[in-house]
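K.L.:
Just dropping this structure here.
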Amino acid sequence: MAVQSDHEKGAAILDKGHRRKPDDAGRAIDGPAISGHAINGRAIRTDVAGSDSTLVNLIAAGFEASATAVVLFAPDDTLAFASSAFAELYDVQPGARTFADVMRHCHATGKGPKFSVDIDAWLLLAATKRRSAPHRAFEIDMADGRWFWASETSYAGGWMLLVVTEITVLKSNERMLQMARDAAEIAAGTDSLTGLPNRRHAMTAFAEAIRQADATASPLSLVLIDLDHFKTINDRFGHQAGDDVLCHFADTGKQLLRKTDLLARIGGEEFMLLMPQAARQEALRATERLRLQLSLSPQIEGLDLTYTMSAGIADYRGETPENLFQKADRALYRAKARGRDCIDMVD
C-alpha cells in the first residue's frame, strides 16, 4: 500500500463506524484515499474515494447547508477541510494553508478574533492550548463585536476538528442579566432617598473594616450621628422638608469626607460614619468639620430653617463590632445630653 501524505491520511475518516488509526510509521491502515478541491465558492473540502465518499460528502453538504463554521486541521496543521461559513468568518484567503497563515491574515487585517498581544506571542500561546485535550470548548471574542462558542476535538494522529457557533445574542442576554443583578445588589444596599449605603450595607462594611484593622494593625474609628430635633422639622415644615434635610446632609458629607470613609443612613435621621485608617483624633477633626459646615452653609434653598447634628466617636481597640457600636452610641447619648450640636468621644 502506498504511503500517503498528511493531507491524504484517513485518520479522521470513519470506516464502517470506526476511526482509522495510523501505524507506527504514520501510514493509514486500510485508509480511504483523500483528495482536496474547492466547492461552493470559498469552501475548502475533501472527497473520499470508496464506500465512505457518500457519507463524507453528505456531512460536508450538511455543514454548507446549515452555514456551520467548521474546519478540519491535518496533523501538520494544514486545512484539510473548511466550510464556507468558516472561510468567511476568518476571511480565509486562497493561498492560506495552515492555521498560522489564517491567524496572521486576521491579525493583519483586523478580521476574525480580537488579539490582545502581537501575533507571534498569540500563536505561541495558542500552540500550548490547541490539541491539549481530547475535547476543549471556549469563547471567542471577535473583532467585529460578535461572540462565538468554539468546540475543539482532537483525534489520534494529530487531526483536529473545530466547530464555531455564534452566541452573540446569548452573550448579550448574559450581560444584561449581570447588569440587572449588579443593579439589584446595589439597590439592596442603598438608601433610596439619600443614595447613601443603608444599614444592611453599612453593617457588612463595618464587620469587614474590623477584619481589615485586625489584619493590618491599623486604626479604625466609628462615628454615630443624629440630626438634632428632626421630628420638630417634620412637624413644622412637613415631611418633604425633612427629606430635603436628609438629602442635604448626605450631600454635605459626601463633599467633606474622604473617599475611603463610608457615610451610611442607618435609621430615620441616624447616620453612621466608618473611618478606616483614622485614629480618633483624626475622626474628631473630620466630624467637627462636618458639624461646622452645617452652621456655615446656606442650608436648604427655599426653606427658612437651619439644622444641627450631634455625634459620638469611638475608636477600635480589639472589641467586637457590637461593643464598638455601643461605645459610639454612648458617646452620642452624652453629646445629646450636653445640649446637642456637639461631639463626644469615648475616653
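K.L.:
If we only count strands (runs of 3 or more DSSP E) wholly inside the range 240-342, which ones have 3 or more residues that are within 39 Å of the chain's Cα centre (by Cα) and not β-branched (Val, Ile, Thr)?
P.N.:
Here the list reads 262-265, 270-276.
K.L.:
When you go through Thr165, Thr128 one by one, which is the residue that is of a type in the set (S, T, N, Q), surrounded by fewer than 16 Cβ atoms within 10 Å (Cβ to Cβ) and in contact (Cβ under 8 Å) with a residue 24 or more places away in the chain?
P.N.:
That would be Thr165, the only listed residue that is of a type in the set (S, T, N, Q), surrounded by fewer than 16 Cβ atoms within 10 Å (Cβ to Cβ) and in contact (Cβ under 8 Å) with a residue 24 or more places away in the chain.
K.L.:
Right, something else. State which residue is surrounded by the fewest Cβ atoms within 10 Å (Cβ to Cβ) when the search covers only the range 254-269 and only residues that are free of Cβ contacts under 8 Å to residues at least 60 places away in the same chain and closer than 17 Å to Gly189 by Cβ.
P.N.:
Checking each candidate, the answer is Lys254.
K.L.:
Of all residues being among the hydroxyl-bearing types (Ser, Thr, Tyr) and surrounded by fewer than 20 Cβ atoms within 10 Å (Cβ to Cβ) in the range 186-241, which is farthest from Asn323 (Cα to Cα)? Just the residue, please. Steps first, answer last, please.
P.N.:
The initial filter retains those residues of the range 186-241 that are among the hydroxyl-bearing types (Ser, Thr, Tyr), namely 190, 192, 194, 204, 216, 218, 221, 232.
So of that shortlist, the ones also surrounded by fewer than 20 Cβ atoms within 10 Å (Cβ to Cβ) come out as 190, 192, 204, 216, 218, 232.
Details: Thr190: 25, Ser192: 29, Thr204: 16, Thr216: 20, Ser218: 18, Thr232: 31 Å.
For the range 186-241, the residue satisfying everything is Thr232.
K.L.:
Going through the range 195-213 one residue at a time, which ones are within 22 Å of Val346 (Cβ to Cβ) and in contact with a Leu (Cβ under 9 Å, 6 or more places away or on another chain)?
P.N.:
Hits for the range 195-213 are Ala202, Ala205, Phe206, Ala209, Ile210, Gln212, Ala213.
K.L.:
I've got another one for you. Taking Ala65 as meeting all but one of (1) surrounded by 15 or more Cβ atoms within 10 Å (Cβ to Cβ); (2) modelled with pLDDT of 70 or more, write down the number of the exception.
P.N.:
Condition not satisfied by Ala65: (1).
K.L.:
A further question on this structure: Condition check: of a type in the set (Phe, Trp, Tyr) and more than 23 Å from Asn57 (Cβ to Cβ). Does Phe99 satisfy that?
P.N.:
yes
K.L.:
What are the residues in the range 136-154 that are over 20 Å from the mean Cα position of the chain (by Cα) and buried (at least 18 other Cβ atoms within 10 Å of the Cβ), if any?
P.N.:
Passing the criteria: Glu152, Ser154.
K.L.:
Go through the range 270-283 and report how many residues are touching an Asp or Glu at 6+ places or on another chain (Cβ under 6 Å), at pLDDT 95 or above and among the charged types (D, E, K, R).
P.N.:
1
K.L.:
Residue pairs, Cβ under 6 Å, 6 or more apart or interchain, first in the range 84-97 and of a type in the set (A, V, I, L, M, F, W, C), second part of a helix (DSSP H, G or I). List them.
P.N.:
From the range 84-97, the pairs are Val92/Val102; Ala96/Val102.
K.L.:
Can you run down the residue pairs with Cβ atoms below 8 Å, 6 or more apart or on separate chains, where the first is in the range 169-196 and closer than 24 Å to Lys259 by Cα and the partner is surrounded by 12 or more Cβ atoms within 10 Å (Cβ to Cβ) and β-branched (Val, Ile, Thr)?
P.N.:
Close Cβ pairs satisfying both conditions: Gly189/Thr204; Leu196/Thr190.
K.L.:
Continuing with this model, one more query. Which of the following residues is out of contact with any strand residue (DSSP E or B) (no Cβ under 9 Å at 6 or more places or on another chain) and among the hydrophobic types (A, V, I, L, M, F, W, C): Ile140, Ile167, Ile186?
P.N.:
Matching residue, one of Ile140, Ile167, Ile186: Ile186.
The values are calculated or read from the model by the stated rules, or taken from the named source; none is laboratory data. As the structure is a prediction and not an experimental result, all values here were calculated from the model. Cβ: placed from backbone, ideal geometry, glycine included. Neighbour counts: every protein chain shown.
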